[in-house]
Amino acid sequence: MSRTARLLDLLQLLRNRTQPVTGPDLAAELGISIRTLYRDIVTLQAQGADVRGEPGLGYILHPGFTLPPLMFTTEEIEAIVLGSRWVAAGHGDARLSQSASQALSKITAVLPPELRERAEATNLLVARNRDTSGPADPAEIRSAIRNEQKLAITYRALDGSASRRVIWPFLIGFFDRVRIVAGWCELRQDFRNFRVDHITSIHVLDGRYPRRRAVMLKEWRAAQNIPPT
């Protein structure tokens with residue numbers, strides 16, 4: 001492993017921790033000596049990383065420091081390109097599709113020439129998805145999820161009947177042909193999944209819903225027997 005790759009791995013390990021981690025634990029995960037680990041910590045600090053701590057007490061990386069994405073394997077580049085092209089090809093909503101194209105352009109712009117050529121020449125093609133949009137704007141739903149806001153919706157069931165619901169949305173699932181918003185339904189007092197293209201009207205209500213999004217997502221996963229990712 002090159003020193004640059006080792007420093008990036010160390011940085012990622014620190015990013016993944018919310019509590020201080022000892023030098024021996026970090027060295028063991030990286031497969032390096034404790035002396036090398038201490039030198040690498042000093043190098044990261046010299047490059048501007050806000051790594052705090054000292055030998056015997058542990059280290060933690062404070063937020064706010066990022067390195068440009070200069071080091072990717074071929075498979076990582078292909079995964080980034082494939083994922084971005086999948087969203088841009090209409091599998092996300094219009095705003096996500098545009099953002100995916102912009103994000104891929106930003107990533108390739110900071111890659112070294114050799115890696116940029118690999119990204120631009122990758123032979124992974126994504127077919128454009130058919131339009132699955134409906135009256136509701138998925139971007140508005142995503143905004144409500146981020147802000148933990150209730151939504152008042154009119155929903156058309158598969159049998160054609162319509163009902164008005166107030167839901168606490170916490171997730172949108174993107175599938176090949178449909179998009180599903182999962183939320184707590186005040187009418188049913190339970191979790192419910194709603195097809196976005198069957199939502200005929202939507203209104204964002206003031207204030208935040210009373211439960212945390214992350215807690216509801218965990219409970220919903222357990223109810224659906226979906227393992228955590």
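Assorted remarks:
- Selection from region 153-162 of residues that are farther than 10 Å from ILE199 by Cα and either touching a helix residue (DSSP H, G or I) at 6+ places or on another chain (Cβ under 8 Å) or not charged (D, E, K, R) (or both): LEU158, GLY160, SER161
- Pick from region 78-126, criterion of a type in the set (Lys, Arg) and more than 30 Å from ASP197 (Cβ to Cβ), ranking: least open to solvent (accessible area, probe 1.4 Å): ARG116
- Residue list for region 183-227, filter: assigned to a loop (DSSP other than H, G, I, E, B) and open to solvent by less than 80 Å² (accessible area, probe 1.4 Å): GLU186, TYR209, ARG211, ILE226
- Members of region 139-154 found to be surrounded by fewer than 21 Cβ atoms within 10 Å (Cβ to Cβ) and part of a helix (DSSP H, G or I), listed by number: ALA139, GLU140, ARG142, SER143, ILE145, ARG146, ASN147
- Output for region 173-182, where each listed residue is open to solvent by less than 40 Å² (accessible area, probe 1.4 Å) and either of a type in the set (D, E, K, R) or under 18 Å from ARG156 (Cα atoms) (or both): VAL178, ARG179, ILE180, VAL181, ALA182
- Index of the failed condition, GLY48 passing every other in (1) at pLDDT below 85; (2) loosely packed, with under 12 Cβ neighbours inside 10 Å; (3) out of contact with any Phe, Trp or Tyr (no Cβ under 9 Å at 6 or more places or on another chain); (4) not in a helix (DSSP H, G or I): (3)
- Within region 9-34, residues that are open to solvent by 70 Å² or more (accessible area, probe 1.4 Å) reach partners that are charged (D, E, K, R) and not in a helix (DSSP H, G or I) with beta carbons closer than 9 Å, at six or more positions or on different chains, in the pairs PRO20/ARG52.
- Candidate set: region 157-170, residues that are of a type in the set (D, E, K, R) and under 17 Å from GLU186 (Cα atoms); chosen: the one surrounded by the most Cβ atoms within 10 Å (Cβ to Cβ): ARG165
- Candidate set: region 35-45, residues that are open to solvent by 10 Å² or more (accessible area, probe 1.4 Å) and not β-branched (Val, Ile, Thr); chosen: the one nearest to ARG15 (Cα to Cα): GLN45
- Filter result for the condition that a residue is modelled with pLDDT of 80 or more and over 30 Å from PHE174 (Cβ atoms), over VAL21, VAL87, VAL81: VAL21
The values are calculated or read from the model by the stated rules, or taken from the named source; none is laboratory data. Since this is a predicted model, take the numbers as computed values, not measurements. All Cβ positions, even for glycine, are placed from backbone atoms using ideal geometry, and neighbour counts span all protein chains on display. Surface areas here come from the heavy atoms of the whole protein model, side chains and all, with no ligands, DNA or RNA. Shrake-Rupley method; radii C 1.70, N 1.55, O 1.52, S 1.80 Å.
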